[in-house]
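Student: Mind looking over this structure? Questions follow.
Every number in this text was worked out from the coordinates using simple rules, so none of it is lab data. All figures in this text were calculated on a predicted structure; none of them were measured in a lab. Glycine gets a Cβ as well: all are built from the backbone with ideal geometry, and neighbour counts include every protein chain shown.
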Ligand SMILES: Cc1cc2nc3c(=O)[nH]c(=O)nc-3n(C[C@H](O)[C@H](O)[C@H](O)COP(=O)(O)O)c2cc1C
Ligand code: SF4
């Protein structure tokens, strides 16, 4: 009787605490246990007696129940998180009652190894050491020549090497990875690489030990033990070594740590000599097929993959903020970092730790009365009133036409740096911009009235470098611009649909469309996200739906040999998103391919005539599909042409210019409004096919370059005729 009441009471308690979810199962278990106790079928164990819970190695891939013995050393730990969370049963590593049967494989390394030497560098020493390693390996007469690859420039998708691994044609051949890595306390591309290894390890969707297929790996770290001694010395090489091991790769050689300040390259050579000796050593080299998983430290052994413990990403952000971990994040561009030096050398003013501002050449040109950029012709923006800035110097692409390879901070989709408040960026950007304007007062030809006007910025081009939409407080920042009646042109790379969907009203919203197909986009943008195409497609849909109220623009940057074919696929994208306008611009040449990872040469820069032909073909394709677009304006000097929906043509006149006061009036009214609610007529000289080809006649008289431009157009007309003949 007493036990019957006890059973009922327990059932009630269980029902209440479980919310009914597991009631059926639990009640059944409790009932049967209590029943069996009553019947004395199961003895209740005292702590001294041995437990029937078995030790289980959750990481083992060769689990056989017979090889495990019971243990009494099992502890049950309650998790401290509030809410319902599963109990964690901590167990010791398995005690195996017999020696494991290891498969030992004799490997002829010189014949069977395909060696990849990966490196990343900011100031060049890792590249030098990696080259020297390759030279040494080449001298060994290996059957397969070693391959030298920069993780930043040659490896577009880390997953291809550090998740899938390349498949050699000969099945006897296996890959060996050698990594030459410097360490940087400041943010650098190595962080991104390490993050990838760690993410892969923690990604429950992929094989936990994907690098098991490698024959082996070794890491050589370069650092500076004088300034970064102790744990910080070569810490990123050590981390790479750790994560490679955890991903299942076999360590062929201990991680090398070389102080480049004191020991220099001779110590690196010593490591290289020792390592290469191993490859040609007469001693047989054994690979233990079963001994591939590095669980040398147990900091990750508390992994719980139960879905109840998974935390929503946003919630995670809150947890991190609350726990203060965010303050431990690195600065994106710290003052002592090579990226900071590189950017400031090129005229950027770094604002806070992740934003930048720069005076563009058109602002200088306009101050001297020598003409504004194409945005004056298309939208009425005076270049001397325009500030070019970005609140995020980091990006999730490595576009071929970007000059910053090697030093640019990168991240896939999560912001992993310290965050500056929007006021700091806003005030800092204006201060930086005005300071640069002031410095121009002595330049011959500066017009006094324009110089004075320039201290009242009216437009902000959020497009400098990096990805502005990535900044977590982008909406607040835009609000500050609008508060001062500064219009906002925001360019995003179509890789962050979540951020795009949440974006507030801007004056003009751009989506970079860098290629028409998945394969081409991969070649041109070299995106970090493997689902880059799906991201782009989502962005197109957002432009058509959630952000349809915005004045939207597709920006196409044409690069010969990369993205100038397949007009139909471009038209598919236009049809999917139906942007208000389409800007087509020939790429500009920004440096040689030497050193900065930019593979473009002058051969890839299209002539204006080629851009025109592209636009005419696209226009025909769109109109052929019944889409209401036409060619509206041009700016030959910038090699730029504007297409627009025909709703911007009123009484036969194009209205691609923006009525800025009207925009702010509508914004402040709080009412809903759309792209055509704040338009103005396009001036005659900017309209497609006009004599000026987008050059303001008022500026022409000051502009020596107008003559050059005229000649350029004449030359191209001549070239066109020759092509046609
Ligand atoms: C801003 C900065 C931060 C650095 N941080 C570290 C560090 O945390 N640990 C370390 O061992 N070396 C550090 N170093 C030293 C570099 O790792 C070392 O100079 C290395 O040789 C650079 O390689 P690289 O020329 O291939 O970029 C740092 C150097 C700089 C300039
Ligand atoms: S829109 Fe761009 S190119 Fe034109 S003035 Fe502004 S920053 Fe310079």
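Student: At a Förster radius of 45 Å, what calculated FRET efficiency corresponds to the Cβ-Cβ distance of residue 674 and residue 603, to the nearest 0.05?
Tutor: Efficiency, rounded to the nearest 0.05: 0.60.
Student: Another question, if that's okay. Compare the peptides 375-382, 482-489 by average per-residue count of other Cβ atoms within 10 angstrom and give them in order, highest first.
Tutor: Result, highest mean first: 375-382, 482-489.
Student: Follow-up question, since we're still on this one. Along the Cα→Cβ direction, 7 angstrom out, place labels at residue 424 and residue 344. What is the inter-label distance in nm?
Tutor: Those two pseudo-labels are separated by 1.7 nm.
Student: Mind sorting 549, 196, 433 by how few other Cβ atoms lie within 10 Å of their own Cβ, fewest first?
Tutor: 549, 196, 433
Student: Sorted from fewest to most neighbouring beta carbons within 10 Å, what does the list 698, 418 look like?
Tutor: Neighbour counts put them in this order, fewest first: 698, 418.
Student: Which of 533, 654, 417 comes first, and how do the rest follow, when ranked by fewest Cβ neighbours within 10 Å?
Tutor: Ranked by crowding around the Cβ, least crowded first: 533, 417, 654.
Student: Using the Cα gyration tensor of region 348-669, with a ≥ b ≥ c the square roots of its eigenvalues, what is the shape: rounded (a/c below 1.5), prolate (a/b larger than b/c) or oblate (neither)?
Tutor: Rounded shape, in that the Cα axes give a/c under 1.5.
Student: Regarding region 398-516, what is the average projected area of its C-alpha convex hull, in nm²? Could you put the intermediate results ahead of the total?
Tutor: On the way: hull surface 38.2 nm².
Directional mean of the projected Cα hull area for region 398-516 stands at 9.5 nm².
Student: What nm distance separates the two modelled labels at residue 261 and residue 630, each placed 7 Å from Cα along Cα→Cβ?
Tutor: A separation of 6.8 nm, rounded to one decimal place.
Student: Under 19 Å from a label point 7 Å along Cα→Cβ of residue 136: give me every residue in region 148-186 with its amide N that close.
Tutor: 148-150, 176-183
Student: Hey, quick one: spin label on residue 439, modelled 7 Å out along Cα-Cβ, who in region 377-392 has an amide N within reach, i.e. under 17 Å?
Tutor: 387-390
Student: Tell me, Kirkwood radius of region 104-288 from alpha-carbon pair distances, in Å?
Tutor: Taking every pair of different Cα atoms in region 104-288, averaging 1/r and inverting gives 16.6 Å.
Student: Report the calculated FRET efficiency for residue 541 and residue 698 (r = Cβ-Cβ distance, R0 = 56 Å), to the nearest 0.05.
Tutor: Step by step, r from the Cβ atoms, then E = 0.85.
Student: Can you give the FRET efficiency to the nearest 0.05 for residue 361 and residue 278, using r as the Cβ-Cβ distance and R₀ = 51 Å?
Tutor: 0.40
Student: By how many nm would the segment from residue 447 to residue 475 grow when fully extended, if each residue of separation counts as 0.36 nm and the alpha-carbon distance is taken off? If you can, show how the numbers build up before the last one.
Tutor: Working: separation 28, 0.36 × 28 = 10.08 nm, distance 3.52 nm.
Here the segment from residue 447 to residue 475 would lengthen by 6.6 nm.
Student: Moving on to the next point. Which order do peptides 211-224, 657-670 fall in by mean Cβ count within 10 Å, highest first?
Tutor: Values: 211-224: 23.1, 657-670: 15.5.
Listed from highest to lowest mean packing, they are 211-224, 657-670.
Student: Calculate how many DSSP beta bridges within region 104-288 are antiparallel, expressed in % of all such bridges and rounded to the nearest 5.
Tutor: Restricted to region 104-288, the bridges split so that about 15 percent are antiparallel.
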